[in-house]
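Please read the structure below before turning to the comments.
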Amino acid sequence: MTKPKFGVVAFPGSNCDHDAHYVLQEIMHQDVRFLWHKDSSLDGVDAVVLPGGFSYGDYLRCGAIARFSPIMKEVIAFANDGGMVVGICNGFQILCEAGLLPGALLRNECLTFVCKYIYLRVENAGTAFTSDCRRGDVLSVPIAHGEGNYVADDDTIRALEKNQRILFRYCERDGSITASANPNGSRGNIAGIMNEQGNVMGMMPHPERASDPVLGHTDGQYVFRSLIRSLMEREPFHHQMIEERS
Amino acid sequence: MYLAKVVVTLRKSILDPQGKAVHHALGSLNLPAVQDVRIGKLIELKIDAATKADAERVTAEACKKLLANPVMEDFTFSVEKL
């Protein structure tokens, strides 16, 4: 089985692209390449990471302009074909703006930029992004954002809950979901969600900043390990799909 | 040439923490008469169009595609001839 290939998209203003690239290559030992926002090809990658940062200076709304960059046309087509896409922080905001994930991310309720370690409870361990966890696991991962306040209308929240598409919620150290564990005012303490098909995931916390043991935290590796495993398992299916289309 | 002025505001159902903070500050400036504050954006577009109706169509399209996010924002606009 060949190693899955990852692409990390670099937008002007991305600042976690190198972190994501470093973790995938040096810690997880994967084949990784950068994809430039002006590229119009995904270079045959098996999974795309939209990294954190401030693409296009967060002008207008976070992610609103990045969503129209040439590479995003490819990312959207790739996602609609079942390709695996992960958006971290600004990447999550871009996925929402692109309509690949429901809802939106507003200014934090506290109005300040929040940069600290938080706890995340794994709500669904049966996904491509969390299969290495168990339901109810508590992960320690940092957040760093000014606009991470997740909002969606009641119907959307109900649909997310019903289909177990909420993957992570902000929690206390013991896993309880409380208002004080909510760092930004997100509805239902939501920190990460996936799309209906289960191939697109967005999360505000930064797993790539908690993966290198040198930094003292490695809980972020759960997300990458889950993703790598699911790519290894689904590869035949994916190739078959491409053959059928061609 | 036409000038479109687009006003983008957070939808009523969405809490506006910025507006709340400003409201709080106005209260401490001894302006208790201010009952609520909502903060939005004013965006001006210069549009080269043959008619006002065309300019309005362009503005509406810009709003729907980029300037406002319907999940959290509403927009209104006015168009005037320059």
Q) Conditions: (1) assigned to a loop (DSSP other than H, G, I, E, B); (2) over 30 Å from A:Asp154 (Cβ atoms); (3) within 12 Å of chain A (Cβ to nearest Cβ). B:Ala25 meets all but one. Number of the miss? A) (1)
(Q) Just to be sure I understand the filter: pairs with C-beta atoms under 7 Å, separated by 6 or more residues or on different chains, first member in the stretch A:4-17 and free of Cβ contacts under 8 Å to residues at least 24 places away in the same chain and surrounded by fewer than 23 Cβ atoms within 10 Å (Cβ to Cβ), second member in a strand (DSSP E or B) and of a type in the set (D, E, K, R). Which pairs pass? (A) none
(Q) Among the residues of the stretch A:178-198, are any within 23 Å of A:Glu233 (Cβ to Cβ) and β-branched (Val, Ile, Thr)? (A) yes
Q: Filter the stretch B:39-57 down to residues that are surrounded by fewer than 17 Cβ atoms within 10 Å (Cβ to Cβ), away from chain A (no Cβ under 13 Å) and either part of a helix (DSSP H, G or I) or under 12 Å from the mean Cα position of the chain (by Cα) (or both), then give me how many there are.
A: 5
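Would you tally the residues in the stretch A:106-135 being more than 14 Å from chain B (Cβ to nearest Cβ) and either under 16 Å from A:Arg165 (Cβ atoms) or in contact with a helix residue (DSSP H, G or I) (Cβ under 7 Å, 6 or more places away or on another chain) (or both)?
Here is the first cut: in the stretch A:106-135, the ones more than 14 Å from chain B (Cβ to nearest Cβ) are A:115-135.
When the remaining residues are screened for being either under 16 Å from A:Arg165 (Cβ atoms) or in contact with a helix residue (DSSP H, G or I) (Cβ under 7 Å, 6 or more places away or on another chain) (or both), the result is A:120-133, A:135.
Going through the stretch A:106-135 one residue at a time, the tally reaches 15.
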Q.
Tell me the residue from A:Ala66, A:Ala98 that is within 23 Å of B:Glu73 (Cα to Cα), surrounded by fewer than 24 Cβ atoms within 10 Å (Cβ to Cβ) and within 14 Å of chain B (Cβ to nearest Cβ), please.
A. A:Ala98
Q: Identify all residues within the stretch A:176-213 that are surrounded by fewer than 22 Cβ atoms within 10 Å (Cβ to Cβ) and closer than 26 Å to A:Ser230 by Cα; write none if there are none.
A: A:Asn195, A:Glu196, A:Gln197, A:Gly198, A:Asp212, A:Pro213
Q.
Regarding the stretch A:68-80, can at least one residue be identified that is over 17 Å from the mean Cα position of the chain (by Cα), of a type in the set (A, V, I, L, M, F, W, C) and closer than 20 Å to B:Val71 by Cβ?
A. yes
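Among what's in the stretch B:8-22 and is out of contact with any Asp or Glu (no Cβ under 6 Å at 6 or more places or on another chain) and more than 14 Å from A:Gly103 (Cβ to Cβ), pick the residue that is farthest from the other protein chains (Cβ to nearest Cβ).
Pass one, the stretch B:8-22, residues out of contact with any Asp or Glu (no Cβ under 6 Å at 6 or more places or on another chain): B:12-16, B:18-22.
Now drop any that are not more than 14 Å from A:Gly103 (Cβ to Cβ), which leaves B:12, B:15-16, B:18-22.
On the way: B:Lys12: 12, B:Leu15: 7, B:Asp16: 8, B:Gln18: 6, B:Gly19: 10, B:Lys20: 9, B:Ala21: 6, B:Val22: 10 Å.
My answer is B:Lys12.
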**Q.** Residue in the stretch B:58-82 that is nearest to the chain's Cα centre (by Cα), counting only those that are of a type in the set (Asp, Glu) and more than 9 Å from chain A (Cβ to nearest Cβ)
**A.** B:Asp74
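For every residue, the table says whether it meets (1) within 16 Å of the chain's Cα centre (by Cα); (2) over 30 Å from A:Tyr59 (Cα atoms); (3) of a type in the set (Lys, Arg).
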residue	(1), (2), (3)
A:Lys116	no, no, yes
A:Tyr150	yes, no, no
A:Arg158	no, yes, yes
A:Lys162	no, yes, yes
Q.
Need a quick list: strands (runs of 3 or more DSSP E) entirely within the stretch A:142-236 having at least 2 residues that are free of Cβ contacts under 8 Å to residues at least 60 places away in the same chain.
A. A:149-151, A:166-171
Q: Identify all residues within the stretch A:27-44 that are crowded, with 21+ Cβ neighbours inside 10 Å and within 21 Å of A:Leu101 (Cβ to Cβ); write none if there are none.
A: A:Leu35
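All of the numbers you see were taken from the coordinates with simple rules; none came from a lab. Bear in mind that the values here come from a model prediction, so they are computed numbers and not experimental data. Note: ideal-geometry Cβ built from the backbone for every residue, glycine included; neighbour counts use all protein chains shown.
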